[in-house]
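The structure appears right after this line, and notes come after that.
Here, each number is a calculation from the coordinates, and none is a lab measurement. What you see is a predicted model, and the numbers here were worked out from it, not measured in a lab. Ideal geometry is used to build each Cβ from the backbone, glycine not excepted, and the neighbour counts take in all protein chains shown.
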Amino acid sequence: MKPNSVPDSTAMSSILEAAVRDMHLTIYMDDLRAFELFASELKKWNRKINLTALTTGEEIAIKHIVDSLVFAGKVRDGECVLDIGSGAGFPAIPTKITRPEVFVVSIDAVEKKILFQRHVARLLGLHGFEALHVRAERLPEIYPRRFDVITSRAFSSLKQFVALAAPLLSEKGRLVAMKGPAACGEMQAAEEGLRKLGFEISDIYSYGLPLNMGNRNLITIIPREAA
């Protein structure tokens, strides 16, 4: 797939459709329209408040949306998903758009980012989606042992992510850390710390984003007794 030089307002659909094909993912027309609106609102809000460093249609489509769709493809029907440090809503909102039957909670410590997510959720009519302005440390008071899948996208170190997520994870749940190309070194450094927390890495899914926009890794971490 070659870079698209069409202006952002008219390029989003074609970029996203081509990128999804490249990644062997599936997207429906209604979802595509939802992502167009999501991206449009993100660019509009981003001109006033800092939600993301990515500003072009290509960057939003591939580095935000397509990257989120790879994670969404690992979520099973009926599961409850938590996104820690979700920023402008990635991967939480794309996951909810494409997997409407999944209950999604998105948290971030920056209120303006949560207000944006709530705005998008209202526009798209997303049900079973909650965006909370709260730190992960406080969430066990609200959702103890509630989530089947907990993710974070370059939010923290693996050890910190596991320590924050462990009290929120259901008995047979799993953690999925979304990491960049430096993941291998981080995993080696974190192995002993994860073991002390009672967790271990069970799977690593590596992939490259279209248009040479970077390499990514989904690192699945589970309680050791579940291995």
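Exposure proxy ranking for K63, K96, based on other Cβ atoms within 10 angstrom of each Cβ and starting from the fewest, stands as K63, K96.
Across every pair of non-identical alpha carbons in region 1-115, the mean reciprocal distance, once inverted, gives a Kirkwood radius of 14.5 Å. From the square roots a ≥ b ≥ c of the eigenvalues of the alpha-carbon gyration tensor of the chain, which class results: rounded (a/c under 1.5), prolate (a/b over b/c), or oblate? Verdict is prolate for the chain. Taking the DSSP bridge list for the chain and keeping only pairs wholly inside it, about 40 percent are antiparallel. For region 34-41, the Karplus equation 6.51 cos²θ - 1.76 cosθ + 1.60, evaluated at θ = phi - 60°, returns couplings of 5, 5, 4, 5, 4, 5, 4, 5 Hz by residue, with Gly and Pro reported as x. What angle do you read, to the nearest 10 degrees and between 0 and 90, between the alpha-carbon axis of helix 183-196 and the longest principal axis of the chain? Computed tilt is about 30 degrees.
Per Stokes-Einstein, at 25 °C and 0.890 mPa s, what whole-number D in µm² s⁻¹ belongs to region 90-212, with the Kirkwood radius over Cα pairs as the hydrodynamic radius? Please report the intermediate quantities before stating the final value.
Values: Rh = 15.7 Å.
After rounding, the answer is 156 µm²/s.
Can you sort M187, M178 so the residue with the fewest Cβ neighbours within 10 Å comes first?
Details: M187 18, M178 21.
Fewest-to-most Cβ neighbours within 10 Å comes out as M187, M178.
Ordering V75, W45, A121 by the projection of their Cα atoms onto the charge dipole of the chain, which places +1 on the Cβ of Lys and Arg and -1 on the Cβ of Asp and Glu, puts W45 at the extreme positive end.
Taken about its Cα centre, the chain carries a charge dipole of about 420 debye when Lys and Arg each add +1 at the Cβ and Asp and Glu each add -1 at the Cβ.
Stretching K112 away from A154 to a fully extended chain increases their span by 13.2 nm, per 0.36 nm per residue minus the current alpha-carbon distance.
Within 10 Å of each residue's Cβ, count the other Cβ atoms and sort T95, T52, T26, T151 from fewest upward. Working shown, then result.
Numbers: T95 26, T52 19, T26 11, T151 29.
If I rank by nearby Cβ atoms, fewest first, I get T26, T52, T95, T151.
What separates the Cα centres of region 123-190 and region 33-80 is a distance of 18 Å. Between R145 and S14, the FRET efficiency from the beta-carbon distance, with R0 = 45 Å, is close to 0.55.
Pull out a ≥ b ≥ c, the square roots of the eigenvalues of the alpha-carbon gyration tensor of region 83-147, then state rounded if a/c is under 1.5, prolate if not and a/b is larger than b/c, and oblate in the remaining case. Oblate, because a/c is 1.5 or more while a/b does not exceed b/c.
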